[in-house]
Amino acid sequence: MKTNEIRKMYLDFFIEKGHYMEPSQSLIPVDDDSLLFINSGVATLKKYFDGSQKPKSNRIVNSQKSLRTNDIENVGVTSRHHTLFEMLGNFSIGDYFKEEAIELGFELLTSKKWFNLPLDRLYFTVHPNDEVAYKKWVSLGVKPKQIVKLEENFWEIGQGPGGPNTEIFYDRGKKYDKRNVIELLEKDLENDRIIEIWNIVFSQYNCMPGERDKADYDELPQKNIDTGMGLERMACILQDVPTNFETDNFMVIISKIESLTSVKYKDNKKPFRIIADHIRALVFAISDGILPANEGRGYVIRRILRRAVKAAYLELEIKEPFLEYLVDIVIDVNREFYPELNANAEMIKKVINKEELKFLDTIEEGMHMCESMIAKDGLITGENAFKLYDTFGFPIEITMEIAEDKAASVDVDGFAKHMEAQKERARSHTKNAAGMHMQSEVLQNIEVASSFVGYDRHAILSKVEVIIEDENIVEKTSAKVVNIILDKTPFYAESGGQVSDRGYIGNNRVIAVAKLQNGQHLHTVEITTPIKLGDKLMAQVDVEYRNDITKNHSVTHLLHLALRNELGNTVTQQGSLQDASKTRFDYSTLEPLTEEQLIAIQNAVNSNIEANHDVVIQEMGIAEAKELGAVALFGEKYGDVVRVVQMGPAVELCGGTHVKNTSDIERFYIQSETGIGSGIRRIEALTSTNVKKFEKQLITEIETQIKDLSVKLNAGEVVKLKNVSELVTKLPRLHLATGTDYEVFNMAIEKLEQKSESNKKALQAKANQQGASLKNAIISSLTEEAGIAKIDYTIKEANPNEIRNLSDDIINETENLLLILRVINGDKVQVIVRSSQSICQEYPANQIINDVLGEYGGRGGGNPQMAQGGASL
């Protein structure tokens with residue numbers, strides 16, 4: 001079976017068993033700071049498992065692209081380690097449990113209709129206390145000798161849902177390892193014979209590791225099933241090849257690499273495997289908008305690319321950019337299940353080629369640097385080797401190769417110590433990657449009907465259905481802050497980047513609104529007048545606040561369209577936030593926007609605002625929406641029926657609140673555009689009256705600064721115009737948003753610059769005059785003894801730097817001179833000693849400075865011709 005056929009069979013089996021197929025999600029986690037990348041099939045479903053969201057179906061199946069780099073050094077070395085892999089999984093959210101999950105797994109693996117694996121080749125592990133799982137396997141015909149009880153068969157990562165698990169292994173036979181199968185399993189010995197193909201986790205406890213023993217964990221109110229089957233491993237078994245790398249999806253890449261080098265795969269497999277694995281990771285990650293960078297996800301992607309280039313450079317003699325030639329092959333074998341790869345092909349190639357060229361240049365620079373680091377004893381220290389690696393991205397292997405060519409060596413042990421120290425620092429800063437939140441039985445079991453009417457109404461008489469205080473349902477309020485569910489609500493719950501509404505329920509202030517898994521809106525309320533169950537109260541949205549949010553949310557659609565039109569359709573949204581004061585939009589791109597591009601984007605948005613497009617909102621099937629060209633937004637999950645928002649040429653799927661007509665937004669101004677790391681940039685912008693508010697604040701600040709600077713300039717000072725000049729640079733783009741003429745400020749700045757330059761010249765002339773007078777006074781104090789000219793002169797309240805410059809003139813104009821200048825400012829003295837070259841050996845300045853400063857209890861330093869130092873008086 002081809003890899004694509006295996007994936008299809010797995011998905012078809014579970015769809016036939018009533019499972020809903022969840023699409024493979026982006027590698028970028030949504031609302032999950034515990035993960036850098038999606039690293040498993042369950043990672044995108046956490047909110048279903050902890051009960052914070054309700055899935056469309058309680059039975060789910062998926063094939064989720066995943067990325068892990070914790071074992072990256074093993075990629076290419078072992079037969080089964082990968083960075084990018086696909087995890088097949090079936091999940092039950094409070095539906096079937098242990099026995100049915102085992103039945104499903106057994107049927108899929110052994111039935112002739114499906115994978116048809118021989119039962120005598122399968123081995124199973126269970127937790128010693130899990131008699132239910134053990135007996136179930138036996139009842140299906142598994143011989144007890146094929147089942148191994150292992151204490152480590154318990155899945156938990158931090159607090160939250162977890163429980164015992166059962167693993168399924170396939171025995172590939174004695175040709176891979178002659179040792180006893182049971183011994184390999186019990187002792188967890190490294191081998192190529194027994195391959196783990198499936199793990200079924202029985203999520204039945206609220207785990208509290210470190211606080212309780214497993215035996216004392218509380219049972220979950222909603223038990224779940226979480227499974228994982230590695231697609232690449234299954235392909236290895238069903239295609240009967242030695243390793244995952246000989247399966248169809250890898251060999252087509254390896255064959256292409258062979259065509260680019262004289263080296264054959266059979267002669268040196270490791271570099272081919274590294275490159276084949278890493279190009280897959282790069283294609284999928286970059287397609288999802290993860291671009292090479294110096295930190296975060298981008299740093300990991302950069303490291304993966306450089307490891308691939310290093311393998312080609314060192315072992316395959318490929319010295320030119322080549323990875324882009326592999327992109328089409330990766331896309332071709334995956335296009336059926338991942339059609340988005342094809343749409344992003346050119347962008348992926350461009351990113352890879354640019355990064356590869358940059359690294360090849362780094363290798364050339366690093367070679368010269370590496371050669372300069374070779375010490376006299378023919379050694380590159382561990383510290384220097386690590387510096388090359390850490391600061392310049394220079395691989396240790398290349399450092400060792402250069403050293404060998406120069407008959408030198410590298411302190412590899414020292415390098416390893418520095419590497420370990422870095423890993424330890426990284427570990428100490430790693431967040432606690434808690435698997436999921438604890439399930440809240442109270443919130444999970446609330447099933448009262450509640451409807452959202454806020455698209456059309458801002459106020460409605462509502463009935464109080466539920467009151468929650470401290471995780472308890474109560475009949476009346478007693479706390480100052482409570483959570484309330486109404487039978488119907490006009491309050492929008494925070495979602496899709498749009499913050500929640502605020503307002504009042506009766507006389508009580510609503511400060512936040514969240515959406516529960518069963519669809520109800522949970523209102524966080526500050527209580528001033530007690531509330532009891534059944535009360536009918538007016539629920540009133542703060543309309544002005546809502547309108548400001550709505551304008552900022554609506555304009556995001558126009559901004560997204562403008563960005564795509566300016567930069568291309570490969571621009572992908574990476575997050576957003578809309579509140580009453582601003583809109584924030586994060587997007588993937590290779591380069592910062594130029595001022596010309598920012599103006600073009602801002603003008604495009606304002607043109608659509610001024611076009612008076614009616615905002616048309618419809619509900620339709622997802623397929624129909626895609627045909628219409630609707631763009632899905634980052635981090636959102638969509639059902640079969642979606643809400644399509646159209647504003648002229650902008651068509652997106654969105655559940656937020658919107659204006660009736662684009663003219664309601666009034667005006668749009670881009671306040672800033674910055675990088676936030678990992679190839680992602682952020683635009684912050686203003687709409688409507690917030691633009692005028694900002695304009696007023698900016699003008700007030702400019703006027704204040706101009707006034708203050710004018711006063712100082714009129715007093716004859718020289719001032720720096722940098723701050724006010726930077727403020728004025730914001731005016732051209734602001735002018736395009738508001739139409740206000742700011743020419744008066746440009747003229748004012750020009751006058752300030754002229755006045756400042758005039759003051760500068762006048763002060764310089766005065767300083768030159770004073771300097772000439774001081775110079776004459778210093779020289780007039782000269783005494784001569786035995787052919788040596790000496791000056792010892794004290795100056796009060798002067799700039800030491802200017803006196804130092806003056807000493808240059810004096811020493812250059814006087815022969816055989818020993819010059820001592822003491823500069824006293826307040827209670828500090830600065831001493832400068834100069835000695836002409838002709839006498840500096842007899843009268844060394846660096847010794848005389850300490851004799852002079854000794855009078856004040858200080859010391860100085862320098863060389864025989866010039867020395868300086870200071871002390872307190």
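The values are calculated or read from the model by the stated rules, or taken from the named source; none is laboratory data. Keep in mind the model is a prediction, meaning the values are calculated, not measured. Neighbour counts run over all protein chains shown; Cβ positions are idealised from the backbone, glycine included. These area figures cover heavy atoms from the full protein model, side chains too; ligands, DNA and RNA do not enter into them. Shrake-Rupley method; radii C 1.70, N 1.55, O 1.52, S 1.80 Å.
Tabulated results
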read-out: Longest to shortest principal axis, alpha-carbon extents of the stretch 581-669, angstrom; value: 41, 32, 26
read-out: Rg/Rh (Cα only; Kirkwood hydrodynamic radius) as it applies to the stretch 83-211; value: 0.97
read-out: Cα gyration tensor of the stretch 1-154 - equivalent ellipsoid semi-axes, whole Å, descending; value: 26, 21, 18
read-out: At 1.306 mPa s and 10 °C, Stokes diffusion of the stretch 468-531 via Kirkwood alpha-carbon radius, µm² per second; value: 132 µm²/s
read-out: Stretch gain in nm, segment S451-T704, where the contour uses 0.36 nm per residue and the Cα spacing is subtracted; value: 85.9 nm
read-out: Alpha-carbon gyration tensor eigenvalues x 5, square-rooted, for the stretch 641-788, Å; value: 57, 20, 10
read-out: Highest-first arrangement of 46-59, 396-409, where packing means the average Cβ count within 10 Å; value: 46-59, 396-409
read-out: Antiparallel %, DSSP beta bridges [both residues in the stretch 1-138], to 5; value: 80 percent
read-out: Share, in percent, of DSSP beta bridges within the chain that are antiparallel, nearest 5; value: 85 percent
read-out: For the stretch 32-114, fraction of C-alpha pairs farther apart than 22 Å, in %; value: 42 percent
read-out: Mean shadow area of the stretch 159-278 over all directions, Cα convex hull, nm²; value: 10.4 nm²
read-out: Amide H contacts under 5 Å for K828, placed H, 5+ residues apart; value: L873
read-out: Largest to smallest principal axis extent of the C-alpha atoms in the stretch 560-628, angstrom; value: 39, 28, 24
read-out: Volume of the Cα convex hull of the stretch 719-868, divided per residue and given in Å³; value: 156 Å³
read-out: Karplus (6.51, -1.76, 1.60) ³J(HN,Hα), θ = phi - 60°, over the stretch 347-364, in Hz, Gly and Pro reported as x; value: 5, 4, 4, 4, 5, 4, 5, 4, 5, 5, 4, 4, 6, 5, 5, 4, 4, 5
read-out: Kirkwood hydrodynamic radius over Cα pairs of the stretch 253-303, then Stokes diffusion coefficient at 10 °C and 1.306 mPa s, in µm²/s; value: 132 µm²/s
read-out: Accessible surface, per residue, of the chain when the full set of protein chains is kept, probe 1.4 Å, Å²; value: 47 Å²
read-out: Gyration tensor verdict on the stretch 116-191 (Cα atoms; rounded if a/c is under 1.5, prolate if a/b is larger than b/c, oblate otherwise); value: oblate
read-out: Residue-wise HN-Hα coupling along the stretch 138-144, computed from phi with Karplus coefficients 6.51, -1.76, 1.60 (Hz; x: Gly, Pro); value: 4, 5, 8, x, 6, 6, x
read-out: Coarse-grained scattering of the stretch 752-800 at q = 0.29 Å⁻¹, given as base-10 log I(q)/I(0) from a Debye sum over alpha-carbon atoms; value: -1.05
read-out: In Hz, Karplus ³J(HN,Hα) per residue of the stretch 176-182 (6.51, -1.76, 1.60; θ = phi - 60°; x = Gly, Pro); value: 9, 5, 8, 5, 5, 4, 4
read-out: 5 angstrom amide H check on F202, placed H, neighbours 5+ away; value: N165, T166
read-out: Order by protection proxy (mean Cβ within 10 Å, highest first), peptides 61-68, 5-12, 786-793; value: 61-68, 5-12, 786-793
read-out: Neighbourhood net charge (13 Å Cβ-Cβ; Lys/Arg +1, Asp/Glu -1) for G230; value: +1
read-out: Inverse of mean 1/r across different Cα pairs in the stretch 204-268, Kirkwood, Å; value: 16.0 Å
read-out: Cut-off 15 Å between beta-carbons: net charge of the residues surrounding L104, Lys and Arg +1, Asp and Glu -1; value: -3
read-out: Antiparallel DSSP beta bridges within the stretch 66-189, as percent of all bridges there, nearest 5; value: 75 percent
read-out: Cut-off under 5 Å, modelled amide H: who pairs with I28 long-range; value: I38
read-out: Accessible-area composition of the chain, carbon plus sulfur, in percent [1.4 Å probe]; value: 47 percent
read-out: Ordering of 224-233, 297-306, 703-712 by burial proxy (mean other Cβ atoms within 10 Å per residue, highest first); value: 224-233, 297-306, 703-712
read-out: Nitroxide proxy distance, nm - points 7 Å out along Cα→Cβ at Y856 and K350; value: 6.2 nm
read-out: Label selected from [x] 1.08; [y] 1.02; [z] 1.28, the criterion being Rg/Rh (Cα atoms, Kirkwood Rh) as computed here; value: [x]
